[in-house]
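Let me begin by presenting the structure, written as structure tokens, before commenting on it.
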Amino acid sequence: MKGRMISPGKTKGTAIVSKEPIGFYGGIDIETGVVIEKGHPLEGKSVTDKILVFPCGKGSTVGSYVIYGLKKNGVAPKGIINRETETIVATGVILAGIPCVDQIDIENIQDGDTVAVNADKGTVEIIR
Amino acid sequence: MYLNREEEKILEGDEGEVTERMFRLLVRLGDIYAADKMIPVGSVQVAGVSYKSIGDPGTEFLEDMASKGAKVKVLTYLNPAGMDLENWEKIGFPKDFAKNQLRIMNAFKSMGIVVTSTCTPYLAGNLPRFREHIAWSESSAVSFSNSVIGARTNREGGPSALAAAICGRTPNYGLHLWEKRQPNIKIKVNTNLEFNSDFGAIGYYVGKQVKNKIPYFTGIKDANTDQLKALGAAMAASGAVALYHVEGLTPEADLVEKKGLETIDVGKKELDDTYEKLNTGKNPDVVILGCPHASLREISTLAEKLKDKHLKKPIWICTSRVMKEAADRMGFTDIIEKAGGHVVADTCMVVSPIESMGYKTTGVNSGKAANYLPGFCKQEVVFANINKLIEVQT
């Protein structure tokens, strides 16, 4: 699938997919990488070293620092795939150096799929 | 993206390493979002101020910038900090937390940022004009400035706002452009909204429905700025609404194109259901008002209601330092403290470490606070109007 590069780099890993938007601030624990938002479909799951797939960001604009902090604390996702990346997530992944691609039809990606992200070319490949 | 000679020189390092690095971030964002050029900003508001929100990684990031001599070019305000910067000891904020919070404030101050920490800069001396380009980041302040004032800002991340402050510019895309400010969904309100918490509840409901769309409201007959502040804050928290229009009330409502929009009806049932949904607890240990930061009108309302009352359990009202000064002078603070409450400045319940201060259940009248407290402060929530909240604390 071909999308748009938000933040460069190449990575490969296991997809963790949320059909709901993610608000990083108050949504993901900066120390552990675990989703803490009550009632969120990914509540209790870790995003660490996964390819995190979600439609778009939501909520607080402090989210950029949370993404940067997750990386500094060694608990960040390996890569991020969105339908539409807004500024909060974009700023976070650029500062943190996490490969990120958007304008991807995320319905095609299933939880647990092995996914290769080549953000430099804006491509996402599902390896089944 | 077109860059003028001065901007090219920033990329060549003429204004130092930090400005270059921050400008690269802005150019990058501009390229992603297809900005045609950079535009000057009139003011900036930076989020990511509480030690609780940004932790050691954020603190070190800011200290590094400050130590390299970064300075802001335009009027720049800060979001709430994690504690009352003057009375933190008296209110009971932990000492080690305070030490780190003060490191952050010092870093900001040395960059020339005004360390008035508030999510309502427009009530504290940073007021943009209609159509002014700004780069603000706190989500409710973004919503208020775009919607109620008609200024133009995207939802900036903490670091991208800081970059705009240091470079004095932001890429021209998104809500800076008139064609991107048009509504794409209509919300028909069919019920009376009385309390500020009603506006928060409706906002919470609508934000969940419309996510990052631009809603056009009809059926809201009247609302003061406190109520619009509550509405916008809740929509920005439960969704990612950065701009909304209200027929007859907000400045761009008459100007935008609203024909043929999909319509969502919101009535008494949705309002009642939202109150029920947001109530996850009973018997609050503490009631915290002022999310977003209380206006002087909201503080005076609380003072009026607490006059000659004795609270069994505390009520805080969070506000900016500027509003607190006025409340002190008017005797409102005195009345609230005599009843057993606190007027807390510079901070708010969401960004302060209330979970480590012994509180498990918090009462609020804010849809935004009700959205964040369970996840971020591990609180059970009682969501109700101000009268009911005072009743349960007395």
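Each reported figure results from applying straightforward, stated rules to the coordinates on display, with no laboratory input. Predicted model only: the values in this text are computed from it and were never measured. Methodologically, a virtual Cβ is constructed for each residue, glycine included, from the backbone with ideal geometry; neighbour enumeration extends over all protein chains shown.
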Problem - Fraction of beta bridges assigned by DSSP in the protein assembly as shown that are antiparallel (%, nearest 5) - result: 30 percent
Handout entry: Peptide A:23-36, shielding by other chains (average Cβ, 10 Å cutoff)
Key = 4
Completion exercise
Projected onto their principal axes, the Cα atoms of chain B stretch, largest extent first, over whole-Å spans of 64, 56, 35
Exercise for the section: In vacuum, with every alpha carbon of the range A:34-116 counted as one equal point scatterer, what does the Debye formula give for log10 I(q)/I(0) at q = 0.17 Å⁻¹? Two decimals, please. Expected result: -0.66
Exercise for the section: Using only Cα atoms, find the angle between the long axis of helix A:63-72 and the longest principal axis of chain A, and express it within 0 to 90 degrees, rounded to the nearest 10. Expected result: 80 degrees
Completion exercise
Given backbone amide H placed at 1.01 Å from N, residues whose amide H is under 5 Å from that of B:Thr170, ignoring those fewer than 5 places away on the same chain, are B:Ile39, B:Val41
Completion exercise
For the table A:Lys19/A:Lys78; B:Lys277/B:Lys388; A:Lys10/A:Lys58, the rows whose alpha-carbon distance is greater than 23 Å are A:Lys10/A:Lys58
Problem - Cβ-Cβ FRET estimate between B:Lys269 and A:Thr114, R0 fixed at 60 Å, reported to 0.05 - result: 0.85
Exercise for the section: In debye, nearest 20, what is the charge dipole magnitude of the protein assembly as shown about its Cα centre with +1 on Lys and Arg Cβ and -1 on Asp and Glu Cβ, if you could check? Expected result: 180 debye
Handout entry: Where no second cysteine Cβ lies under 4.7 Å, the cysteines concerned in chain B
Key = B:Cys119, B:Cys167, B:Cys291, B:Cys377
Practice task
Using per-residue counts of other Cβ atoms within 10 Å, averaged over each peptide, order B:148-154, A:12-18, A:57-63 from highest down.
Solution key: A:57-63, B:148-154, A:12-18
Fill in the blank from the handout: Scalar couplings 3J(HN,Hα) for the range B:348-358 by Karplus 6.51 cos²θ - 1.76 cosθ + 1.60 (θ = phi - 60°), nearest whole Hz, x for Gly and Pro, are 7, 5, 6, 9, 9, x, 5, 5, 8, 9, x
Practice task
Would you mind checking the tilt of helix A:87-96 against the longest principal axis of the Cα atoms of chain A, expressed as 0 to 90 degrees and rounded to 10?
Solution key: 80 degrees
Practice task
Would you mind ranking B:Thr76, B:Thr170 so that the residue whose beta carbon has the fewest other beta carbons within 10 Å leads the list?
Solution key: B:Thr76, B:Thr170
Exercise for the section: Grab the Cα-Cα distance for B:Leu311 and B:Lys9, subtract it from 0.36 nm times how many residues apart they are, and report the gain in nm with one decimal. Expected result: 102.7 nm
Exercise for the section: Quick one: among B:Thr274, B:Thr263, B:Thr118, which has the greatest mean-square fluctuation in a GNM of chain B with alpha-carbon springs under 10 angstrom? Expected result: B:Thr263
Fill in the blank from the handout: In nm, the gap between the two label points placed 7 Å beyond Cα toward Cβ at B:Glu17 and A:Arg83 is 4.3 nm
Problem - Fewest-first ranking of A:Tyr25, B:Tyr2, using other Cβ atoms within 10 Å as the exposure measure - result: B:Tyr2, A:Tyr25
Handout entry: Computed [θ] at 222 nm, deg cm²/dmol, chain B (DSSP H ≥ 4; -39,500 (n - 2.57); rounded to nearest 500)
Key = -12500 deg cm²/dmol
Exercise for the section: Would you mind estimating how fast the range B:350-394 diffuses translationally, via Stokes-Einstein at 10 °C and 1.306 mPa s with the Kirkwood radius over Cα pairs, in µm²/s? Expected result: 148 µm²/s
Fill in the blank from the handout: Rounded to 0.05, the calculated FRET efficiency for the beta carbons of B:Lys90 and B:Lys68 at R₀ = 41 Å is 0.70
Fill in the blank from the handout: From the cross-link list B:Lys109/B:Lys208; B:Lys37/B:Lys211; B:Lys52/B:Lys269, the entries with a Cα-Cα span beyond 31 Å are B:Lys109/B:Lys208; B:Lys52/B:Lys269
Problem - the protein assembly as shown: proportion of alpha-carbon pairs further apart than 47 angstrom, % - result: 6 percent
Exercise for the section: Provide the per-residue ³J(HN,Hα) series for the range B:168-174, in order, calculated from phi with Karplus coefficients 6.51, -1.76, 1.60 and θ = phi - 60°, each as a whole number of Hz, with x at glycine and proline positions. Expected result: x, 8, 8, x, 8, 7, x
Practice task
Quantify how strongly other chains surround peptide B:150-159 by giving the mean number of their Cβ atoms within 10 Å of each of its Cβ atoms.
Solution key: 6
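Given the range A:1-60, what whole percent of its Cα pairs are spread farther than 15 Å?
Numbers: 938 of 1770 pairs.
When every Cα pair of the range A:1-60 is considered, 53 percent fall beyond 15 Å.
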Exercise for the section: Quick one: dipole size for chain B, taken about the Cα centre, charges +1 on Lys/Arg Cβ and -1 on Asp/Glu Cβ, in debye to the nearest 20. Expected result: 420 debye
Practice task
Pop out the ³J(HN,Hα) list for the range A:104-115 in order, Karplus 6.51 cos²θ - 1.76 cosθ + 1.60 with θ = phi - 60°, rounded to Hz; leave Gly and Pro as x.
Solution key: 10, 6, 6, 4, 6, 9, 9, 4, x, 4, 7, 10
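What's the exposure ranking of B:Glu12, B:Glu60, going from fewest to most Cβ atoms within 10 Å?
B:Glu12, B:Glu60
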